[in-house]
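The structure under discussion appears below in the form of structure tokens.
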Amino acid sequence: MPRYLPFIPTLPVLSLAAAFALPSAFAQEVQIRRAFEARYPKARVESVRALPYGGLYEVIVSAGPILYVDKAFTFLLQGVLVDLKTGANVTGDRQQELQALREGPIDFGVLPLHLALRKVIGKGERTLVTFEDPNCGFCQKLAVELAKLDNVTIYTFLLPIVAPDSTTRARAIWCSPDRNGAWERWMRSGIAPAAAPADCETPVERTVGLAEKLNVEGTPTLFLGDGRRVVGGLPAARIDELLDSVKRSPK
């Protein structure tokens, strides 16, 4: 996923117009998100929430530090927030929580597997999910390793985030009569599929939304049947060991 430069507290920020003020806390969070993204258009805001400290709002930005703003978005802070009553490092605790969320296991059952390519190798008793970009060099290397596996069902979500034409490639692969074949030929031999028909519907946008929800920030990202996350490519032998370590894989 795109990476952004750290935010600097001394940067000027955009004030919210008084007309934007809405009564509900949720509406206020939405307005702060909109104002933040208007001021920093390259930022991807993951969440905004009110804090019980001096009217501050926490803003979480993908690949960025934890930031704090006021309700009217007239200032921005980057630093360590400490609760003087309890001595708790609020910022540090939140960073640990976010790290666990981004790198920890997921609920495998919530994955919409019908939006992924599905390939069964052998009996397909083990399960592996991958998020891959058709222009990802590490994904191409992973394709070679995955071909060495046996007794596994592989679900591949096409996540176009690496290059400007990744979406075009992903759509062409999804719309091919033989999706798995088109994917394999492109990833392993560089043989491009035919262009997707204009009226072909694809799950690409939904896959991007899913990746954001799961905090998948790069490709390849793998998920085992028990929800464990593996970031980056691995040799087939190691993937085989991880697959065997899962007691039960959902089908």
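A few remarks follow.
- Cleavage-rule hits, GluC sites (Glu not before Pro), the range 183-233, DSSP coil, Cβ neighbours within 10 Å at most 12: GLU201
- Kirkwood hydrodynamic radius of the range 79-206, from inverse mean 1/r over distinct Cα pairs, in Å: 17.0
- Span from the the range 58-123 Cα centroid across to the the range 192-251 one, whole angstrom: 20
- For the chain, the convex hull spanned by the alpha carbon atoms encloses 163 Å³ per residue.
- Relative to the longest principal axis of the Cα atoms of the chain, helix 90-103 runs at roughly 10 degrees.
- Estimated [θ] at 222 nm from DSSP helical runs (n ≥ 4, -39500 (n - 2.57)) normalised by residues in the chain, nearest 500: -9500 deg cm²/dmol
- For the chain, the number of Lys pairs with C-alpha atoms closer than 27 Å, counting only pairs eight or more positions apart or on separate chains, is 19.
- Relative to the longest principal axis of the Cα atoms of the chain, the long axis of helix 137-146 makes an angle of roughly 50 degrees.
- For the range 157-200: rounded, prolate or oblate by the Cα gyration tensor [a/c cutoff 1.5]: oblate
- Principal-axis tilt of helix 204-213 within the chain, Cα atoms, nearest 10 degrees: 50
- Evaluated over the range 125-186, the Cα radius of gyration and Dmax, each in Å: 11.6, 36
- Rounded, prolate or oblate (a/c below 1.5 giving rounded, otherwise prolate when a/b exceeds b/c) for the range 18-103 by Cα gyration tensor: oblate
Read-outs: derived from the displayed coordinates by stated rules, not from any lab. For clarity, every value in this text was computed on a predicted model and none was experimentally measured. Don't worry about glycine lacking a Cβ; one is built from the backbone with ideal geometry, like all the others, and counts go over all protein chains shown.
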